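Trainee: Once you've had a glance at the structure underneath, I'll fire off some questions.
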Amino acid sequence: MQINTGDLIKGFRRAESTTSREHAGLAAAKHWGQIERLARRAMSAVNGVQSRMDVKVLTELTNAARCVASSDLIPSIPGPMPHPAPAHLPHTERQSARAVYFPTCINRIFGRDPDKPRTPSLPEAFVTLSARAGMPLWIPDDVRGLCCSTPWASKGLADGHQWMAEAICDALWRWTDHGSLPIVIDAASCTHGLLEDVAKHVDDSRRAQMEALSIRDSITWCRDLLPHLSANRKLETVALHPTCSTTHLGLNHDLKTIASFLADTTVVPVGTTCCGTAGDRGLLHPELVVSATRDEKAGLEASAAQAYLSANRTCEMGLRHATGQPYESFIFPLEELTGPA
């Protein structure tokens, strides 16, 4: 029926926004780099605590705080939280780069699954993989503090949304030398926001710049790397979760192509649809994710897999908490299985 309830809710939120909320949203946009650092430190603190006590204790503590304050402001800890992302991004060179790589803020804050090693991080694995295929990536020095602007759009914060949309547009234009290099994004929801939202909230000049840019998701980038890679072994079975954004962008076929390169069998459980995470909603209201994934969880329990793969960090976190399976980016096994035996 082509009904976009997301846009409807965003419109309601913009209409209900207040001056104080707009000021707060704009301040958050202008100081996003500091918020990133604080978020990583918070993740480090949570990791330290959950390494010494049962995560259920943390869950009960945060639930108590949410009862006192607000469940729409204080996130929960519905299960084991991921490692924090490393404070430093991998070193890359501009001169030989075949594309600009913008590590998204969700992957600059949230690291790997708690049951996985801390390293390599997603940016480290992606840079290594691309170089191995003869398609090196360049990460600009000033990516921190910049975002696709989707969080402000989702909250209906018009001022912060416009400020960040203009800031990322200007940065992309500068990084790519006015569109001479493609830019690669490592989270499907952020790719979706850059391709379909930013240009609607900037002036005509910036809109023309956005239309001139070649913005590619890591899925299509890695699909094109496959002919230049050789797997040292294959997995038996991988479980795949296509996200809402990969579906909107028409990337599910490419994601399955990559999964087939990695494993003999690819399983998309019956009932796999939207996981319900929706950015921060999975932490604010984890019951939504549990409800949205109940059929998918049943399918996973009926058929075990060696790896659980998706293409968006927050979705992977929601799936981890709701299904108990360690969902991660497809980039990790792709880098591991094509590396030295």
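The values are calculated or read from the model by the stated rules, or taken from the named source; none is laboratory data. Treat the numbers as computed from the prediction; the structure is a model and nothing was measured. Using ideal geometry, Cβ is built from the backbone for each residue, glycine included, and neighbour counts are taken over all protein chains shown.
Trainee: Considering the range 225-234 alone, what residues qualify as being part of a helix (DSSP H, G or I) and either among the aromatic types (Phe, Trp, Tyr) or more than 12 Å from Leu129 (Cβ to Cβ) (or both)?
Mentor: Selection gives Pro227 alone.
Trainee: Going residue by residue through the range 102-109, is there one that turns out to be assigned to a loop (DSSP other than H, G, I, E, B) and either surrounded by fewer than 17 Cβ atoms within 10 Å (Cβ to Cβ) or among the hydroxyl-bearing types (Ser, Thr, Tyr) (or both)?
Mentor: yes
Trainee: Okay, next question. The conditions are (1) touching a His at 6+ places or on another chain (Cβ under 6 Å); (2) surrounded by fewer than 17 Cβ atoms within 10 Å (Cβ to Cβ); (3) of a type outside the set (S, T, N, Q), and Ala65 fails exactly one of them. Which is it?
Mentor: Status for Ala65: all satisfied but (1).
Trainee: Say whether the condition of being assigned to a helix (DSSP H, G or I) and in contact with a strand residue (DSSP E or B) (Cβ under 9 Å, 6 or more places away or on another chain) is met by at least one residue in the range 260-273.
Mentor: Within the range 260-273, one or more residues are assigned to a helix (DSSP H, G or I) and in contact with a strand residue (DSSP E or B) (Cβ under 9 Å, 6 or more places away or on another chain).
Trainee: Among the residues of the range 291-331 satisfying the criterion of being more than 14 Å from the chain's Cα centre (by Cα) and either on the phi > 0 side of the Ramachandran plot or aromatic (Phe, Trp, Tyr) (or both), which is surrounded by the fewest Cβ atoms within 10 Å (Cβ to Cβ)?
Mentor: Gly324
Trainee: Could you check Leu235 against (1) within 19 Å of the chain's Cα centre (by Cα); (2) closer than 28 Å to Asp295 by Cβ; (3) in contact (Cβ under 8 Å) with a residue 12 or more places away in the chain and say which number it fails?
Mentor: (1)
Trainee: For Asn232, all conditions in the list (1) touching a helix residue (DSSP H, G or I) at 6+ places or on another chain (Cβ under 7 Å); (2) surrounded by fewer than 23 Cβ atoms within 10 Å (Cβ to Cβ); (3) at pLDDT 95 or above hold save one; what is the number of the exception?
Mentor: Checking Asn232 against (1) touching a helix residue (DSSP H, G or I) at 6+ places or on another chain (Cβ under 7 Å); (2) surrounded by fewer than 23 Cβ atoms within 10 Å (Cβ to Cβ); (3) at pLDDT 95 or above, the one that fails is (3).
Trainee: Residues in the range 162-173: is at least one closer than 30 Å to Ser260 by Cα, touching a strand residue (DSSP E or B) at 6+ places or on another chain (Cβ under 9 Å), of a type in the set (Gly, Ala, Ser) and surrounded by fewer than 24 Cβ atoms within 10 Å (Cβ to Cβ)?
Mentor: No; the residues of the range 162-173 include none that is closer than 30 Å to Ser260 by Cα, touching a strand residue (DSSP E or B) at 6+ places or on another chain (Cβ under 9 Å), of a type in the set (Gly, Ala, Ser) and surrounded by fewer than 24 Cβ atoms within 10 Å (Cβ to Cβ).
Trainee: Starting from the range 1-22, keep only residues that are at pLDDT 70 or above and among the β-branched types (Val, Ile, Thr), then list their pairs with residues that are outside any helix (DSSP H, G or I) and surrounded by 11 or more Cβ atoms within 10 Å (Cβ to Cβ) whose Cβ atoms are within a distance under 9 Å, requiring at least 6 positions of separation or different chains.
Mentor: Every condition considered, the pairs that remain are Ile9/Gly156.
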